[in-house]
Amino acid sequence: MRMNHRGYWGAILVFALCFSHIAAAQDEMPKDDSAAAKRAKPAPPPPSPAVEQDADIPPAGAMTDMPVAILQGLDKITARVRRIPIKVGQSAAFGTLSILVDACRKAPPEDQPESAAFLKVTDKKPGVAPKVVFSGWMFASSPALSAMDHPVYDIGVIDCASETAVSPPPAH
């Protein structure tokens with residue numbers, strides 16, 4: 001059986017009207033204002049005063065500020081990789097880049113591993129005015145989420161650490 005265009009669109013319209021009525025009926029809440037229905041729901045138990053959270057333990061999902069950011073720099077021309085530990089509030093040089101670490105945060109051990117650092121990267125080529133090439137958060141688990149776009153260098157966050165966990169860089 002062959003259907004012409006008017007018959008086809010008419011069938012579609014009838015189909016759409018039927019299902020829109022069903023969908024609208026599903027979205028409606030039942031109208032039951034009886035007091036018995038309201039009393040049937042049990043009240044949540046009051047919080048127990050005996051169970052208090054330790055003040056030193058951050059809530060789940062909270063990240064802890066760490067004093068040192070451990071970054072990794074890649075020189076795309078020479079293919080050299082260098083680990084760069086930088087204290088928060090200080091800067092370090094990598095090639096023509098100056099990297100300032102404003103913050104470094106790490107997830108607690110019971111959460112998924114994550115380290116994030118707020119960096120301000122400035123390209124200081126000789127004879128050219130300094131240019132900020134990156135300013136923002138970089139994440140160790142997702143380097144492509146907020147990557148620095150530079151033709152010669154790549155910078156990535158490896159970890160955030162305490163000062164005692166950072167070993168001095170090897171002498172060259």
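The values are calculated or read from the model by the stated rules, or taken from the named source; none is laboratory data. Just so it is clear, the structure is predicted and the values come from calculations on it, not from any experiment. Neighbour counts are summed over all protein chains in view; Cβ atoms, including those assigned to glycine, are modelled from backbone coordinates with ideal geometry.
The lone criterion from (1) surrounded by fewer than 16 Cβ atoms within 10 Å (Cβ to Cβ); (2) within 15 Å of the chain's Cα centre (by Cα); (3) of a type in the set (G, A, S); (4) modelled with pLDDT of 95 or more left unmet by A147 is number (4).
Scanning the range 60-79 for residues being closer than 17 Å to I99 by Cα and of a type in the set (D, E) gives a total of 1.
What residue, among those in the range 112-138 that are under 20 Å from the mean Cα position of the chain (by Cα) and surrounded by fewer than 16 Cβ atoms within 10 Å (Cβ to Cβ), is farthest from V81 (Cα to Cα)? Lay out the reasoning, then the answer.
Start the filter on the range 112-138 by keeping residues that are under 20 Å from the mean Cα position of the chain (by Cα), which leaves 112-121, 134-138.
Now narrow it down to the ones that are surrounded by fewer than 16 Cβ atoms within 10 Å (Cβ to Cβ): 112-113, 120, 135-137.
Numbers: Q112: 26, P113: 23, K120: 20, S135: 22, G136: 22, W137: 21 Å.
Looking at residues that are under 20 Å from the mean Cα position of the chain (by Cα) and surrounded by fewer than 16 Cβ atoms within 10 Å (Cβ to Cβ), I get Q112.
Taken over the range 75-87, the criterion of being surrounded by fewer than 16 Cβ atoms within 10 Å (Cβ to Cβ) and either touching a Leu at 6+ places or on another chain (Cβ under 7 Å) or not β-branched (V, I, T) (or both) is satisfied by D75, K76, A79, R80, V81, R82, R83, K87.
Within the range 85-111, work out how many residues are in a strand (DSSP E or B) and farther than 19 Å from V132 by Cα. Residues that pass the stated criteria total 5. For V157, the criteria (1) in contact with a Pro (Cβ under 7 Å, 6 or more places away or on another chain); (2) of a type in the set (V, I, T); (3) within 24 Å of A62 (Cα to Cα) hold in every case but one, which is (1). Among residues of the range 88-111 being buried (at least 21 other Cβ atoms within 10 Å of the Cβ) and aliphatic (A, V, I, L, M), the one that is nearest to C160 (Cα to Cα) is V101.
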